[in-house]
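Accompanying notes for the structure given below.
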Amino acid sequence: MKSMPGDVTRLTEALVFAADAHRNQRRKGAAQEPYINHLIEVLDIVARSSRGANSEVLVAAILHDVVEDTPLSYDDVAKTFGPRVATIVRENSDDMSLPKDERRRARMAAMPHKSTEARIVKMADVISNLRAVAVSPPAGWGADRKLGYLEGCRQLIDAGRGADQVL
Ligand SMILES: [Mn+2]
C-alpha cells in the first residue's frame, strides 16, 4: 500500500490523540455531542480559511482544548507534536485555576499578543462555539443568555482586531 503523506498522518495522529484525551467529555449543548465533534469542526474551519494551509496550525486546531480541558500538559503535546504546536495550544488555553471573571479578562488581554496562528485557531473556536449555541444550546439557555454569549465573543474578536496589520 502506498504510504500516506506525512502531513496527513500527522493530522490523523492528532485526531487519535485528541479523541483519546477528550474521550469522557461531551459538549454542553442539549444534544451532548461527543467533544471530538467540536475539534473536527474547528479543524474544518481552519482548513477552509485562507491562512490555514499549514500542518502546525491544523494540528493545533485539533488539539486546542487538550491542555485546558484534560490533564495533559504543554510538555505532553510538545513531546508528540513539537513545540510550535504546543505553543499555539498554550496560547489558547485559559488558566483554569483563576476565577471565571479573571479568566475572561486574561483572555481578552491576551488577544492582541497572540501569534497569528493562535488567533486563527481562536477565531475558528469562536465560530464553532457560536454555531453550537445556535444549533444545540445548553439546556436552560434563554435568549438573553445566548445574546450575552454572543456579545462576549464579539468583544473577544474585537480585542484581536488589527493585530496582524503591518504598521
Ligand atoms: Mn474549543
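Here, each number is a calculation from the coordinates, and none is a lab measurement. Everything numeric in this text was worked out from a predicted model, so none of it was measured. Cβ placement follows ideal geometry from the backbone for every residue including glycine, while neighbour counts extend to all protein chains displayed.
Once fully extended, how much extra length lies between LEU130 and THR80, figured as 0.36 nm per residue of separation less the alpha-carbon to alpha-carbon distance? All intermediate terms of the calculation are to be shown ahead of the outcome.
Working: separation 50, 0.36 × 50 = 18.00 nm, distance 3.05 nm.
Once the chain is fully extended between LEU130 and THR80, it gains 15.0 nm.
Can you tell me which of 53-59, 153-159, 77-83 comes out highest on packing, and rank the rest after it, using the mean Cβ neighbours within 10 Å? Spell out each step's value before the answer.
Working: 53-59: 18.6, 153-159: 14.4, 77-83: 16.9.
So the peptides 53-59, 153-159, 77-83, ranked by packing, come out 53-59, 77-83, 153-159.
At 0.36 nm per residue, and after removing the present C-alpha to C-alpha distance, how many nm does the segment from VAL16 to ALA47 gain when stretched out fully?
On the way: separation 31, 0.36 × 31 = 11.16 nm, distance 1.80 nm.
Roughly 9.4 nm would be gained on extension.
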- prompt: Which shape class applies to region 14-167: rounded if a/c is under 1.5, otherwise prolate when a/b exceeds b/c and oblate if not, where a ≥ b ≥ c are the square roots of the Cα gyration tensor eigenvalues?
  reply: rounded
- prompt: Relative to the first principal axis of the alpha-carbon coordinates of the chain, what is the inclination of helix 116-135, with its axis defined by its Cα atoms, in degrees from 0 to 90 and to the nearest 10?
  reply: 60
message: Between ALA30 and ASP7, what is 0.36 nm times their sequence separation minus the Cα-Cα distance? Round to one decimal in nm.
response: 4.8 nm
query: How far, in degrees from 0 to 90, does helix 35-48 lean away from the longest principal axis of the Cα atoms of the chain, to the nearest 10?
result: 80
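Rounded to the nearest 500, what is the chain's calculated 222 nm mean residue ellipticity when only DSSP H runs of at least 4 contribute -39500 (n - 2.57) each, over all residues?
Details: 9 runs with 109 residues, N = 167.
Using -39500 (n - 2.57) per qualifying helix, the result is -20500 deg cm²/dmol.
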query: Sorting TYR149, TYR35 on the 10 Å Cβ count, fewest up front, what's the list?
result: TYR149, TYR35
message: Whole angstrom only: what separates the Cα centroid of region 106-127 from the Cα centroid of region 37-74?
response: 12
